[in-house]
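S.K.: Okay, here's the structure, questions in a sec.
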Amino acid sequence: MATGNTQGRRPRVCLLSSHPLVLEEFKKTLSKAHLSTRAFRLGPGSSNDISRAGIPPASVYVVDSNEPFAGALVGAIQSRFPKSRVLVLGEKFSDTNAFPFLELGAKGLMTYSAAHDDLPEAVRCVAHGSFWVDRNLLARFTDTILRSPRRRSVTNSPHQLSRRQQEVLQGLLENLSNKEIARQLNISERTAKFHVSNLLAKFDVQRRADLLMMQFYSHTPYKN
């Protein structure tokens, strides 16, 4: 799994499902880990107007993918609570059912079986901006981004970057190696590697793929 720094203030968690047994089971799992958790039972139409449905604000939403409107719910949450993180639970994830959640902005995908042991760690992980997604699945999704005709750029970045850092970041978004970035910018490969390491630290990620995902989400409008 893609993990990162999980230290800091405890996140507030909201579990979303229409199944009371699912809510009860995973609320116990999170409560044992001393995470502030609220279980919210979904009703008909909850995805259409989450403010009217009464879904409370939280740091992390854990969404049951077995809901017929789970995708719409994830999109609605990201639209109303853009600073929150979403982790999706499901029986099994494949490219077909996982990619739409990732495109909507979900930061975590976890099977029910894995959640019994790893859900608290996953919640802390996504709360601090990292991804909790099977590495192979995340790599395949990243490949689809790289092949996408959508133009990727570093404009409107929330981080203060120098011109050189912006140039190096653009190279990363074009999936260039350190050597290729160095050649493109007429700098040494060692200097390119230095800038890449600084960028990963600045964005608080460990891998190029995580940085690419962050930029992808920052330029992707969420859908209701």
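S.K.: Any chance you could count how many residues in region 90-146 are outside any helix (DSSP H, G or I), more than 9 Å from the chain's Cα centre (by Cα) and closer than 20 Å to Phe203 by Cα?
M.R.: Count: 1.
S.K.: It is to be established whether one or more residues within region 67-74 are at pLDDT below 95, under 21 Å from His116 (Cβ atoms) and either surrounded by fewer than 22 Cβ atoms within 10 Å (Cβ to Cβ) or assigned by TED's automatic domain parsing to the domain that holds Trp132 (or both). Give the derivation first.
M.R.: Going residue by residue through region 67-74, those that are at pLDDT below 95 are 67-74.
Still in the running and under 21 Å from His116 (Cβ atoms): 67, 70.
Still in the running and either surrounded by fewer than 22 Cβ atoms within 10 Å (Cβ to Cβ) or assigned by TED's automatic domain parsing to the domain that holds Trp132 (or both): 67, 70.
Yes, the conditions are met somewhere in region 67-74.
S.K.: Looking at (1) modelled with pLDDT under 90; (2) hydrophobic (A, V, I, L, M, F, W, C); (3) crowded, with 20+ Cβ neighbours inside 10 Å; (4) touching a Lys or Arg at 6+ places or on another chain (Cβ under 9 Å), which is the one condition that is false for Leu42?
M.R.: (4)
S.K.: Between Val74, Val63, Val22, which is hydrophobic (A, V, I, L, M, F, W, C), part of a strand (DSSP E or B) and touching a residue at least 12 places away in the same chain (Cβ under 8 Å)? First the steps, then the outcome.
M.R.: Details: Val74 fails: part of a strand (DSSP E or B); Val22 fails: part of a strand (DSSP E or B).
Every option except Val63 fails the conditions.
The values are calculated or read from the model by the stated rules, or taken from the named source; none is laboratory data. Just so it is clear, the structure is predicted and the values come from calculations on it, not from any experiment. Here the Cβ is made from the backbone with ideal geometry for all residues, glycine too, and neighbour counts use every protein chain on show.
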